[in-house]
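First up is the structure itself, then whatever we jot down about it.
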Amino acid sequence: MISFRGVEKHYGSFHVLKDINLAVHQGEVVVVVGPSGSGKSTLLRCINRLETITSGELTVNEVRVNDKKTDINKLRRDIGMVFQHFNLYPHKKVIENITLAPIKVLGVSKQEAEETALFYLEKVGIRDKAQAYPSQLSGGQQQRVAIARGLAMKPKIMLFDEPTSALDPEMVGEVLDVMKTLAREGMTMVVVTHEMGFAREVADRVVFMDQGRILEEATPAEFFANPREERARAFLSRLIRH
Amino acid sequence: MLDFSILTDNFGTYLTGFGKTAYASVLALAGSFLLGTLLAVFRITPVKPLQWIGTAYVEFIRNIPLLLVVYLFFLGLPSIGVVLSPFACGTLGLTVYTAAFIAEAVRAGILSVPKGQMEAARSSGLSYGATMRLVILPQAVKIVIPPLNNQFINLIKNSSILSVISGFDLMFYADRIASNTYVVFSTYIFAGMFYLLLTLPLSYATGWLERRLARNY
């Protein structure tokens, strides 16, 4: 579904992504880990063209993401995204946050969009907050609304950019639980995270990045038990020590 | 000290001027808000030619006197064969002039909306224009209300420029009353009070709007 072939990205003189080759298949959960600044968020953001690539080829559902002829708005309908800082619309109620894109982008009726929204709010366990404003919710609840907002577009792929990094520790679990359910239901997911427990439990594959390169790609069992790369071993040992 | 007979004797005249001033202000207020918002969006779009237009407009208009902008319509347009009433010229000049300042205020407001809002909306498939209209501008407006209030107050006061080109506004009639009665001080004090009748409720209304919008989130 997602395919990176020899993708490079530069920010001016800074080489952020180096020779990225990665394929994500339908129903797969790929977890991207690595130290800060390794390019993992950038890699994720290239998939829906929040970042553009400098060279190489990146396709989603066989469509070239960076092709001038690609209707990016159409492509993005199929790719949900969840951000570290939730990015809910503060001036809109929870339900309006979720129905905005289905109504305006897909052209769904207001009533149908609201039914869908309530269905997904139920799924993430906060149906009773439909009429609240985002600022009235905890971080964990806001992130679950953000997930419901992504799902309401019925996307084929969900991207998660450090979805639990801005949460208080006791709220991490509720968000991860929603993500685990989603993974079990067969959603294609690319997740950038520091939650190694999640990676171990849910990932089909773990991708380890450092300094803009993919250094290792393995099943979680292999990666956590016996990382091939020295850099990955150092990364994991530091995580365990803290 | 204050000669109240000036007010009572010329009440109708004051009222006529007041009406014109209010009318010009409302027109210019709506016009400059729309034009200013459009220019602000021009200045921050990724489309370079639009940026140039926005920047050129703001830098040119903001840095010349209001009187010159009004003259541009009052004296400039007739030279190309377009003759508008002094009132229309004054109101147009006021609109064009104030829009430059409003553009800057709105642009600052748009830029203060966190980048993640644009990213979230765009990644859900909304176009740039729809994102601006539905997500960014509604949030920017809230931030922009206090500076906009300043600009609108300036606009109402600046509408006295109409008197210079005989636009039959409040100041124009105050001048006329003063020259008829030779009672200068009281005449202009009362004119000032009529201006306050416009500006103070406006400040109050924007303050109310600010509190109301702050309540939701």
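Just so it is clear, none of the values below were taken in a lab; they were calculated from the coordinates. These numbers come from a predicted model, not from an experiment. Note that each Cβ is placed from the backbone with ideal geometry, even for glycine, and that neighbours are counted across all protein chains shown.
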Estimated distance in nm for a label pair at A:H194 and A:S13, the labels positioned 7 Å out from Cα along Cα-to-Cβ: 3.0
Within region A:58-130, how many Lys pairs sit with Cα atoms under 27 Å apart, leaving out pairs fewer than 8 places apart on the same chain? 19
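To make sure I understand, if each residue's beta carbon is the centre and we count other beta carbons within 10 Å, what order do A:D168, A:D161 fall in, fewest to most? Don't jump to the answer; show the numbers that get you there.
On the way: A:D168 10, A:D161 23.
The order, fewest Cβ neighbours first, is A:D168, A:D161.
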Helix B:184-216 sits at what angle to the longest principal axis of chain B, using alpha carbons and giving 0 to 90 degrees rounded to 10? 20
Gyration tensor (alpha-carbon) shape descriptor, region B:1-74, a/c threshold 1.5: prolate
What is the packing order of peptides A:93-102, A:34-43, B:73-82, B:7-16, taking the mean over residues of other C-beta atoms within 10 Å and listing the highest first? A:93-102, A:34-43, B:7-16, B:73-82
Quick one: go through region A:1-35 and flag any residue whose amide nitrogen is under 18 Å from the point 7 Å out along the Cα-to-Cβ line of A:E222. A:21-25, A:28-34
Could you pull the Cα extents of region B:1-124 along its three principal axes, largest to smallest, in whole Å? 66, 38, 26
For A:K40, list the lysines whose Cα falls under 16 Å from its own Cα; do not include residues on the same chain fewer than 8 positions away. A:K9, A:K18
Counting helices only, and only those DSSP H runs with n ≥ 4, report the 222 nm mean residue ellipticity of chain B as the sum of -39,500 (n - 2.57) divided by its residues, in deg cm²/dmol to the nearest 500. -25500 deg cm²/dmol
Applied in sequence order to region B:151-157, the curve 6.51 cos²θ - 1.76 cosθ + 1.60 (Karplus, θ = phi - 60°) yields integer Hz couplings, x standing for Gly and Pro, of 5, 5, 5, 4, 4, 4, 5
Amide H contacts under 5 Å for A:D210, placed H, 5+ residues apart: A:L215
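Just need the Rg to Rh number for the protein assembly as shown, please, alpha carbons only, Kirkwood Rh. Mind showing how you got there, number by number?
Working: Rg = 29.5 Å, Rh = 25.9 Å.
That ratio is 1.14, to two decimals.
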Residue among A:V31, A:V145, A:V172 with the largest mean-square fluctuation in a Gaussian network model of chain A, springs linking Cα atoms under 10 Å: A:V172
Within the protein assembly as shown, percent of DSSP bridges classed antiparallel, to nearest 5: 55
Between the Cα axis of helix B:11-44 and the main Cα principal axis of chain B, the angle (0 to 90°, nearest 10) is 20
Return, ordered by residue number, the residues of region B:134-178 whose backbone nitrogen is under 17 Å from a label point located 7 Å along Cα→Cβ of B:R211. B:145-146
What do you get for the angle between helix A:169-184 and the principal long axis of chain A? Use alpha-carbon atoms, 0 to 90 degrees, nearest ten. 90
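Based on DSSP, what percent of beta bridges with both residues in chain A are antiparallel, to the nearest 5? Display every interim value, and only then the final one.
Values: 19 of 36 bridges.
So the antiparallel bridges in chain A amount to around 55 percent.
Taking the radius of gyration and the Kirkwood hydrodynamic radius from Cα positions alone, what is the Rg/Rh ratio for chain B, to two decimal places? Each step should come with its number before you reach the end.
Numbers: Rg = 20.3 Å, Rh = 19.1 Å.
For chain B, the value is 1.07.
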Using only Cα atoms, locate the centre of region A:134-176 and the centre of region B:180-210, then give the distance between them in Å, rounded to an integer. 52
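At a 10 Å Cβ-Cβ cut-off, how would you order B:V83, A:V191, fewest neighbours first?
Values: B:V83 10, A:V191 27.
Lowest count first: B:V83, A:V191.
Over all residues in A:89-100, what is the mean tally of Cβ atoms on other chains that come within 10 Å of each residue's Cβ?
Numbers: counts 9, 9, 10, 6, 2, 0, 0, 1, 2, 0, 0, 7.
Going residue by residue through A:89-100 and averaging, the value is 4.
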Volume per residue (Å³) of the convex hull spanned by the alpha carbons of chain A is 127
So if each residue of separation counts as 0.36 nm, and I subtract the Cα-Cα distance between B:L67 and B:T181, what length gain in nm does that give? 38.3 nm
With Cα springs under 10 Å, the Gaussian network model of chain B assigns the largest mean-square fluctuation among B:E104, B:E59, B:E119 to B:E119
Sort A:V178, B:V184 by Cβ crowding within 10 Å, fewest neighbours at the top. B:V184, A:V178
